[in-house]
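Engineer: Structure incoming, see below.
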Amino acid sequence: MKDELISIIEQRGFPVYQQGSLGEDEAYPDTFFTFWNNDTYDGNHYDGKAASWTWSFDVNVYSTDPDLVNSELLEIKTLLIAAGWIIGGKGHDVASDEISHTGRGITVLYRELNREE
Amino acid sequence: MYATPMAEIQDQSGEGRRVMARARVEFEGFDEIIRRLSKVEGAAEKVTDKALRETHALVTHKIQQVFTTSNMPAKGRYWTGDTLETLRRDANVEWNGSVANVPVGFEIKGAGITSIFLTHGTPRHKPPMKAARGLYDAIFGAKTKQEVVEKQQEIFYSELAKLGL
């Protein structure tokens with residue numbers, strides 16, 4: 001699911017990183033996304049096995065343009081919902097290491113069915 | 001927490017009400033329990049309200065236990081206690097149609113900004129960034145989830161028994 005999430009975010013045309021992976025001396029791009037897999041837990045069970053899993057990710061966008069931060073987060077929400085992800089609300093502020101950038105994030109969920117026989 | 005037999009599981013920070021997290025009611029058999037409770041007017045809502053309040057208390061207590069000097073970054077040298085003051089200690093169950101939720105965690109305003117660092121990290125720091133040890137697990141950890149499920153099951157089944165359903 002991580003690969004699928006990344007491929008969707010990349011449709012916006014901005015760099016995508018795992019949260020925390022930018023080096024201390026690495027410059028922030030003007031606008032970029034980050035993600036973090038909070039958890040992946042069993043959704044329900046059948047015959048002693050997980051019948052589904054719920055993936056929880058944070059998706060964050062940072063930019064020197066505050067308007068872009070707001071609009072890109074909502075665009076990502078639209079794209080992900082269209083792809084079957086579950087998202088509520090319109091996000092939350094996230095902290096930036098650089099004073100030049102602001103950021104907003106949103107928690108996104110995906111229920112993956114266990115198709116193993 | 002979201003308690004609804006109809007909506008998908010949701011985990012949102014809450015538009016206009018910026019808190020760290022909202023927990024949900026979800027366990028196997030929940031849909032059937034709500035169906036049974038619906039035979040008595042108001043029962044589903046009343047029991048859901050009770051379940052959300054008690055699990056809010058459970059998670060809030062676990063968060064408070066984390067905030068000790070030894071758990072803080074730098075052994076609490078820079079700990080002001082401001083973040084703990086923003087902890088939502090009162091359960092405020094909110095209903096929106098058939099969906100109920102209760103905010104848990106910290107108010108994201110004022111000193112609560114620190115909690116953003118703790119749970120979301122930054123592009124250069126993985127979450128939880130130099131977090132109070134155990135804070136993430138107190139809210140989202142497997143053990144907390146298990147305890148919440150057990151508490152919710154206990155409440156719902158107990159109320160079902162009382163109502164003879």
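The values are calculated or read from the model by the stated rules, or taken from the named source; none is laboratory data. All figures in this text were calculated on a predicted structure; none of them were measured in a lab. Neighbour counts are summed over all protein chains in view; Cβ atoms, including those assigned to glycine, are modelled from backbone coordinates with ideal geometry.
Engineer: In contact with a strand residue (DSSP E or B) (Cβ under 7 Å, 6 or more places away or on another chain), within 12 Å of another protein chain (Cβ to nearest Cβ) and surrounded by fewer than 16 Cβ atoms within 10 Å (Cβ to Cβ): is that true of A:ASP42 in this structure?
Structural biologist: Details: in contact with a strand residue (DSSP E or B) (Cβ under 7 Å, 6 or more places away or on another chain): yes; within 12 Å of another protein chain (Cβ to nearest Cβ): yes; surrounded by fewer than 16 Cβ atoms within 10 Å (Cβ to Cβ): yes.
The answer is yes for A:ASP42.
Engineer: Right, here's the next one. In this structure, does A:LEU80 turn out to be aliphatic (A, V, I, L, M) and crowded, with 21+ Cβ neighbours inside 10 Å?
Structural biologist: Numbers: aliphatic (A, V, I, L, M): yes; crowded, with 21+ Cβ neighbours inside 10 Å: yes.
Yes.
Engineer: Just to be sure, is A:PHE35 in a loop (DSSP other than H, G, I, E, B), modelled with pLDDT of 95 or more and surrounded by 13 or more Cβ atoms within 10 Å (Cβ to Cβ)?
Structural biologist: On the way: in a loop (DSSP other than H, G, I, E, B): no; modelled with pLDDT of 95 or more: yes; surrounded by 13 or more Cβ atoms within 10 Å (Cβ to Cβ): yes.
No: the conditions fail for A:PHE35.
Engineer: While we're looking at this one, here's another question. Is it true that A:THR34 is more than 11 Å from every other protein chain (Cβ to nearest Cβ), within 19 Å of B:THR122 (Cβ to Cβ) and hydroxyl-bearing (Ser, Thr, Tyr)? Show your work before the answer.
Structural biologist: On the way: more than 11 Å from every other protein chain (Cβ to nearest Cβ): no; within 19 Å of B:THR122 (Cβ to Cβ): yes; hydroxyl-bearing (Ser, Thr, Tyr): yes.
The answer is no for A:THR34.
Engineer: Just one of (1) more than 10 Å from chain B (Cβ to nearest Cβ); (2) under 15 Å from A:LEU80 (Cα atoms); (3) assigned to a strand (DSSP E or B) trips up A:GLN11, so point out which.
Structural biologist: (3)
Engineer: Okay, next question. Inside region A:57-75, can you point out the residues that are in contact (Cβ under 8 Å) with a residue 40 or more places away in the chain and more than 19 Å from B:HIS120 (Cβ to Cβ)?
Structural biologist: Result: A:GLU75, single match.
Yes/no matrix, rows are residues, columns are (1) more than 13 Å from the chain's Cα centre (by Cα); (2) at pLDDT below 80:
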site: B:PRO127; (1), (2): yes, yes
site: B:LYS130; (1), (2): yes, yes
site: B:VAL148; (1), (2): no, no
site: B:ALA161; (1), (2): yes, no
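Engineer: Please state which of the following conditions A:SER63 fails to meet, knowing it meets all the rest: (1) over 21 Å from B:HIS125 (Cα atoms); (2) surrounded by 15 or more Cβ atoms within 10 Å (Cβ to Cβ).
Structural biologist: Looking at each condition in turn, A:SER63 falls short on (1).
Engineer: Also, I was wondering about something else. Just wondering, is there one or more residues in region A:79-97 that are more than 10 Å from chain B (Cβ to nearest Cβ) and under 15 Å from B:THR122 (Cα atoms)? Steps first, answer last, please.
Structural biologist: Step one: filter region A:79-97 for residues more than 10 Å from chain B (Cβ to nearest Cβ), giving A:79-85.
From the residues that got through so far, the ones that are under 15 Å from B:THR122 (Cα atoms) too are none.
No; the residues of region A:79-97 include none that is more than 10 Å from chain B (Cβ to nearest Cβ) and under 15 Å from B:THR122 (Cα atoms).
Engineer: Taking the conditions exactly as written (within 10 Å of chain B (Cβ to nearest Cβ), in contact (Cβ under 8 Å) with a residue 24 or more places away in the chain and hydroxyl-bearing (Ser, Thr, Tyr)), does A:THR54 satisfy them or not? Explain how you work it out, then say what you get.
Structural biologist: Numbers: within 10 Å of chain B (Cβ to nearest Cβ): yes; in contact (Cβ under 8 Å) with a residue 24 or more places away in the chain: yes; hydroxyl-bearing (Ser, Thr, Tyr): yes.
Answer is yes for this residue.
Engineer: Based on this model, can you work out whether A:VAL108 counts as touching a helix residue (DSSP H, G or I) at 6+ places or on another chain (Cβ under 9 Å), of a type in the set (Val, Ile, Thr) and more than 10 Å from chain B (Cβ to nearest Cβ)?
Structural biologist: Values: touching a helix residue (DSSP H, G or I) at 6+ places or on another chain (Cβ under 9 Å): yes; of a type in the set (Val, Ile, Thr): yes; more than 10 Å from chain B (Cβ to nearest Cβ): no.
Here the answer is no, as A:VAL108 does not meet what is asked.
Engineer: A:GLY20 - would you say it is within 11 Å of chain B (Cβ to nearest Cβ) and not in a strand (DSSP E or B)?
Structural biologist: yes
Engineer: I'm told B:ASN71 meets every condition in (1) away from chain A (no Cβ under 14 Å); (2) modelled with pLDDT under 65; (3) surrounded by 18 or more Cβ atoms within 10 Å (Cβ to Cβ) except one. Can you identify the failing condition by its number?
Structural biologist: Against the list (1) away from chain A (no Cβ under 14 Å); (2) modelled with pLDDT under 65; (3) surrounded by 18 or more Cβ atoms within 10 Å (Cβ to Cβ), B:ASN71 comes up short only on (3).
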